[in-house]
Amino acid sequence: MIRHAISVLALAAVVVMGASCANNEKMKATTATAGNPDEAFVTQLGHGSNAEVKLSEMALSKSGDPKVREFAQRMVTDHTKINKELTHLGHQLHLRVPSSPDGAHARAASSMAKLHGGEFDRAYMAQMVSDHAETISLLQDMSKNAKEPQLRDWASKQIPTIQEHLDMARQTQSSLTPATGH
């Protein structure tokens, strides 16, 4: 029972730490690009989408759960495509597009790399639910508020795909076996 409580607390700490660090990193990125909200959007989305690829590649190598692996493969495929589109659009609009995750996502990946089996799967899926919910909010905001019409249009077109990812993440997360104590 104590082992179960420790596992649950460790999982919660990884998720909370990742979310807290991600919010701090986003505030820094937004402050750094405050003069150009379109660049702030592209920076935040680029870091997040690159993180989806990195974390999902890790899930493909670490997870033994077929549903988690199927979800991870879809994330690698879709977010690689999103990254290419965003990079192309960013170049057209003369906006810097990151090609790697931000520090918060890198730290979350580092924490998740230490987990195994069901603990990894639960942490990965919790991160995917959190990240995709946040991305939908960001895309909705930018589809209305981006200065550049091409960016507004592109953001609008991404919402259904990211909503599908969020729905899939929630479904996959709910299929996982809860942590058990030994």
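Please find the FRET efficiency linking residue 36 to residue 144, where r is the Cβ-Cβ separation and R0 is fixed at 22 Å, and quote it to the nearest 0.05.
0.85
Would you mind ranking 58, 75 by Cβ crowding within 10 Å, fewest neighbours first?
On the way: 58 17, 75 26.
The fewest-first ordering by Cβ neighbours comes to 58, 75.
As a test of the definition: which semi-axes, in Å, follow for segment 66-135 when you take the square root of five times each eigenvalue of its alpha carbon gyration tensor? Largest first, please.
Working: eigenvalues 140, 42, 19 Å².
Equivalent-ellipsoid dimensions as semi-axes: 26, 15, 10 Å.
Dividing the convex hull volume of the alpha carbon atoms of segment 100-167 by its residue count, what do you get in Å³ per residue? Intermediate values should be presented prior to the final figure.
Values: hull volume 6.3 nm³, N = 68.
So the per-residue hull volume is 93 Å³.
If the chain between residue 164 and residue 96 were fully stretched, how many nm would it gain, using 0.36 nm times the residue separation less the Cα-Cα distance?
Working: separation 68, 0.36 × 68 = 24.48 nm, distance 2.73 nm.
Separation in residues times 0.36 nm, less the Cα-Cα distance, equals 21.7 nm.
Since every read-out is calculated from the coordinates, none of them should be taken as a lab result. Quick caveat, the model's predicted, so the values are computed rather than measured. Note that we place each Cβ from the backbone using ideal geometry, even for glycine, and neighbour counts take in every protein chain shown.
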